[in-house]
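Participant: Structure below; questions to follow.
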Amino acid sequence: MRTALLQSSGRPGSVVENLKVLDEAAGRAAAAGAALLVTPEMFLTGYAIGDDIARLAEPADGACADEIAEIATRHGLAVAYGYPERDGEAVFNSAQLISADGNRLANYRKTHLFGCFEHEHFTSGATPVVQAELNGLRVGIMICYDVEFPENVRAHALAGTDLLVVPTAQMHPFQFVAESVVPVRAFENQMYVAYVNRVGREGEFEFVGLSTLAGPDGVARTRGGRADALLLADADPAFLAASRETNPYLKDRRPGLYGSLV
């Protein structure tokens with residue numbers, strides 16, 4: 001499945017402009033044969049926008065979800081996007097997957113909040129594994145800091161995730177996560193990982209780009225730089241099946257030894 005990674009911070013604070021950026025990127029991705037477009041964390045509104053996070057937050061089935069469903073349908077590809085989700089008084093750092101025919105397939109709430117900023121503005125999610133079937137692949141969703149916890153990604157591996165999409169707002173000086181940790185996660189869990197980052201300075205944060213789609217062999221199929229980009233790479237089910245057959249990590253596990261982890 002050809003996957004497009006939209007490495008961009010869009011226009012922080014402007015939902016209208018970010019929908020325009022998404023629409024334009026979806027057109028380019030579809031023309032290049034992509035079946036899935038993945039945005040960064042909080043792409044719909046911007047990340048470092050302070051109290052505007054709560055003001056702009058919407059339910060998972062809100063007006064913006066409808067607009068993104070229309071974009072997905074018009075261009076004929078699925079879209080996974082980051083946004084602030086309102087549920088009553090709570091606001092979650094969420095990511096939603098909408099199919100090419102406009103159906104809401106999965107919605108994930110970030111389970112591991114990073115730093116004072118996120119703890120101030122968001123409530124932690126409580127469901128670690130969220131998945132949906134898409135074009136013959138089982139697609140899982142995480143957000144940024146979540147992928148840095150090996151237990152999280154292993155839970156997805158045990159649940160059969162083939163492609164893990166990770167909308168991200170990864171900042172300086174932690175670029176080693178994009179460069180090293182993400183390919184290792186893909187290898188040790190035998191899956192594809194699409195890690196899609198913001199770029200440039202936003203408030204107190206400097207986002208480093210370096211978006212990637214890493215394969216189950218630990219090799220990056222594509223790698224972004226530090227500027228806006230639309231990256232394309234394939235998640236190949238046949239290669240994944242062959243890799244899982246020859247890599248023994250999941251088969252050689254001994255869960256009985258791991259009780260002390262919990």
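Participant: Can you find a residue that is without any contact (Cβ under 8 Å) to a residue 40 or more places away in the chain, in contact with a strand residue (DSSP E or B) (Cβ under 8 Å, 6 or more places away or on another chain) and open to solvent by 10 Å² or more (accessible area, probe 1.4 Å) anywhere in the stretch 7-17?
Facilitator: no
Participant: Further question on the same structure: Just checking, which of 108, 145, 83 is hydroxyl-bearing (Ser, Thr, Tyr) and either in contact (Cβ under 8 Å) with a residue 40 or more places away in the chain or surrounded by fewer than 17 Cβ atoms within 10 Å (Cβ to Cβ) (or both)? Talk me through it step by step, then tell me what you get.
Facilitator: Numbers: 108 fails: either in contact (Cβ under 8 Å) with a residue 40 or more places away in the chain or surrounded by fewer than 17 Cβ atoms within 10 Å (Cβ to Cβ) (or both); 145 fails: either in contact (Cβ under 8 Å) with a residue 40 or more places away in the chain or surrounded by fewer than 17 Cβ atoms within 10 Å (Cβ to Cβ) (or both).
Exactly one of 108, 145, 83 is hydroxyl-bearing (Ser, Thr, Tyr) and either in contact (Cβ under 8 Å) with a residue 40 or more places away in the chain or surrounded by fewer than 17 Cβ atoms within 10 Å (Cβ to Cβ) (or both), namely 83.
Participant: Follow-up. Here are some residues: 60, 100. Which one is in contact (Cβ under 8 Å) with a residue 12 or more places away in the chain, open to solvent by 20 Å² or more (accessible area, probe 1.4 Å) and outside any helix (DSSP H, G or I)?
Facilitator: Result: 100 is the single residue among 60, 100 that is in contact (Cβ under 8 Å) with a residue 12 or more places away in the chain, open to solvent by 20 Å² or more (accessible area, probe 1.4 Å) and outside any helix (DSSP H, G or I).
Participant: Can you name every residue in the stretch 166-207 that is surrounded by fewer than 21 Cβ atoms within 10 Å (Cβ to Cβ) and of a type in the set (Gly, Ala, Ser)?
Facilitator: Matches in the stretch 166-207: 180, 200, 203.
Participant: Return the residues of the stretch 213-229 that are without any contact (Cβ under 8 Å) to a residue 40 or more places away in the chain and either at positive phi or open to solvent by less than 20 Å² (accessible area, probe 1.4 Å) (or both); say none if nothing qualifies.
Facilitator: Those that are without any contact (Cβ under 8 Å) to a residue 40 or more places away in the chain and either at positive phi or open to solvent by less than 20 Å² (accessible area, probe 1.4 Å) (or both): 214, 215, 216, 218.
Participant: So, one more: So which pairs qualify, if the first residue must be in the stretch 171-185 and farther than 20 Å from residue 227 by Cβ, the second must be open to solvent by 30 Å² or more (accessible area, probe 1.4 Å), the Cβ gap must be under 8 Å, and the two must be at least 6 apart or on different chains?
Facilitator: Close Cβ pairs satisfying both conditions: 181/148; 183/219; 183/220; 185/150.
Participant: Looking at this structure, is residue 240 surrounded by 19 or more Cβ atoms within 10 Å (Cβ to Cβ) and in contact with a Pro (Cβ under 6 Å, 6 or more places away or on another chain)?
Facilitator: Details: surrounded by 19 or more Cβ atoms within 10 Å (Cβ to Cβ): yes; in contact with a Pro (Cβ under 6 Å, 6 or more places away or on another chain): yes.
Yes.
Participant: If a residue must be aliphatic (A, V, I, L, M) and touching a helix residue (DSSP H, G or I) at 6+ places or on another chain (Cβ under 8 Å), how many such residues does the stretch 190-218 contain?
Facilitator: Qualifying residue count for the region: 5.
Participant: Which residue is surrounded by the fewest Cβ atoms within 10 Å (Cβ to Cβ), if the candidates are limited to the stretch 86-97 and must be farther than 21 Å from residue 198 by Cα and of a type in the set (Gly, Ala, Ser)?
Facilitator: Top of the filtered list is 88.
The values are calculated or read from the model by the stated rules, or taken from the named source; none is laboratory data. Here the structure is a predicted model, which is why all the values come from computation and not from measurement. In this analysis, Cβ positions are derived from the backbone assuming ideal geometry, glycine residues included, and neighbour counts consider all displayed protein chains. Areas reflect the complete protein model, heavy atoms only, side chains present, ligands, DNA and RNA absent. Shrake-Rupley method; radii C 1.70, N 1.55, O 1.52, S 1.80 Å.
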